[in-house]
Amino acid sequence: MRSLIDVGPDRLYEALPEPVRALARRGTFRRYTRNTILANEGEPGDSLFIVVVGRVKLYSNDAAGHEITY
């Protein structure tokens, strides 16, 4: 039995609301391994990420260096 990740973008997009699906189809479908850093704080943003399967951790560090998870 194949997992959702193995079926490809068209099948995954079916679960998205139509406005999000239309936006997602204009982009590039990508898979990332665990712990991949997609963006760093302070960098200019030039991309939009739509997470179809999986989770993303958003975090920053405070002045003392402690991690703050959003």
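Here the extension length gained between Asn61 and Leu38 equals 6.6 nm, from 0.36 nm per residue of separation less the Cα-Cα distance.
Protein chains only, probe 1.4 Å: how do Val51, Val20 rank by accessible area, largest first?
Values: Val51 75, Val20 55 Å².
Ranked from most to least accessible, the order is Val51, Val20.
Report the semi-axes of the equivalent ellipsoid for the chain in whole Å, largest first, where each axis is √(5λ) for an eigenvalue λ of the Cα gyration tensor. Mind showing how you got there, number by number?
Values: eigenvalues 161, 46, 22 Å².
They are 28, 15, 10 Å, listed largest first.
Normalised by the number of residues in the chain, the average gap of Cα pairs under 8 Å and 6 or more apart makes the relative contact order 24 percent. Summarising the label geometry, the points placed 7 Å from Cα in the beta-carbon direction at Leu12 and Arg30 lie 1.2 nm from one another.
The values are calculated or read from the model by the stated rules, or taken from the named source; none is laboratory data. Owing to the predicted nature of the structure, the values given are computational and were not obtained by experimental measurement. We place every Cβ from the backbone using ideal geometry, glycine too, and count neighbours over all the protein chains shown. Side chains included, ligands, DNA and RNA excluded: accessible areas come from the protein's heavy atoms. Shrake-Rupley method; radii C 1.70, N 1.55, O 1.52, S 1.80 Å.
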